[in-house]
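The values are calculated or read from the model by the stated rules, or taken from the named source; none is laboratory data. For clarity, every value in this text was computed on a predicted model and none was experimentally measured. Cβ placement follows ideal geometry from the backbone for every residue including glycine, while neighbour counts extend to all protein chains displayed.
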Amino acid sequence: MPSPEAVEQALTLIERHPVNRGYFFSKLESPDWIAPLAEAGFFKDPPPRRVNGDFVSYPGWPESRYLARMAPVAPARVADVIGRIPGTDNVSVHEDLARAVIHLDAGSMARWATGEARWISRQPRIEHPLDEALGAVVERLAGDETT
Amino acid sequence: MTPGLTAKVHEVEDVFRDKKARTNCHSESGGWDGTVDSPLRKILNKLEDFLDWFRSLYPRRKDRFRRALSRWEGSDLGLPEPSFEVKWETWSEMNDYFQGVSHHGKPTSTEELRNGIARLETFLARQLLKTSDDLNAIDALLKEPGNA
């Protein structure tokens, strides 16, 4: 578990520049940072999609990528955080979360999938690679007798 | 306004054809031979000027990369050659991968693409921003016991 001093140092570095933030989360390999980072206010503000004229882009969210990597090793902790992430129109974040939830317990996955189904129903189309990630969730749900 | 490539090539061609007809170093039967004389010297000088001009406007990829690195480093000195070669090799690998996937049908996977993008992001972050000390500090922090 990182010490309070280590967390403080990390926050100082992260807040100095967006690149630092992305780099920090990309290098994190321990789920022990989830709780202190959540307490510090992370995992609450996914970036919205960006529209520039006819072009739409979906910026990556370092936090959701981190959660997707941690889900296989710390599903309960990831489930707790994912359950509190607000809705977003950012497809990239949806993909990360879909890749994360297939590692969670059936109940957590089903709760996420219920909200996700509502979001999907409002989308004109679902494109690759989100379709692949959602397909894995559907497959997992269909194969689980408790859901 | 900088003359276009076509105009420049025409300039070289005019000099080449005119001086070739005048030089003693060329004949229809024997081709090119002999000691460099004034007309041939003018051809060679014109050709050298053209190639210098061409390189300045259309540098090779490695030269462009060297210039970009130099600007990013904020110094005209450039990197020591071994360091430059390491960066060039890394950049070339990434370039070959993205060019291959984008334009030449190279097979890839979502995971491989993500890794490629992450590698590129890290490379650019270290080059473009004066945050390399911060990134090193992050590396050091995450290597401490209990933090990894």
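Observations on the structure shown:
- For the range B:79-113, filtering for residues that are within 14 Å of another protein chain (Cβ to nearest Cβ) and at pLDDT below 90 leaves 2.
- Taking the range A:88-115 as the range and being assigned to a helix (DSSP H, G or I), surrounded by fewer than 18 Cβ atoms within 10 Å (Cβ to Cβ) and charged (D, E, K, R) as the test, only A:Arg111 passes.
- The set of residues from the range A:50-59 being more than 14 Å from the chain's Cα centre (by Cα) and either assigned to a loop (DSSP other than H, G, I, E, B) or more than 14 Å from every other protein chain (Cβ to nearest Cβ) (or both) comprises A:Arg50, A:Val51, A:Asn52, A:Gly53, A:Asp54, A:Phe55, A:Val56.
- Taken over the range A:8-29, the criterion of being touching a residue at least 12 places away in the same chain (Cβ under 8 Å), at the interface with chain B (Cβ under 9 Å from one of its Cβ atoms) and either buried (at least 16 other Cβ atoms within 10 Å of the Cβ) or over 21 Å from B:Pro145 (Cα atoms) (or both) is satisfied by A:Ala10, A:Gly22, A:Phe24, A:Ser26, A:Leu28.
This table checks each residue for (1) in a helix (DSSP H, G or I); (2) surrounded by 20 or more Cβ atoms within 10 Å (Cβ to Cβ); (3) at pLDDT 95 or above.
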{"residue": "A:Ala38", "(1), (2), (3)": "yes, no, no"}
{"residue": "A:Pro48", "(1), (2), (3)": "no, no, no"}
{"residue": "A:Tyr66", "(1), (2), (3)": "yes, yes, yes"}
{"residue": "A:Arg77", "(1), (2), (3)": "yes, no, yes"}
{"residue": "A:Pro86", "(1), (2), (3)": "no, no, no"}
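- Among the residues of the range B:93-105, the ones that are surrounded by fewer than 13 Cβ atoms within 10 Å (Cβ to Cβ) and under 21 Å from B:Arg61 (Cα atoms) come to 6 in all.
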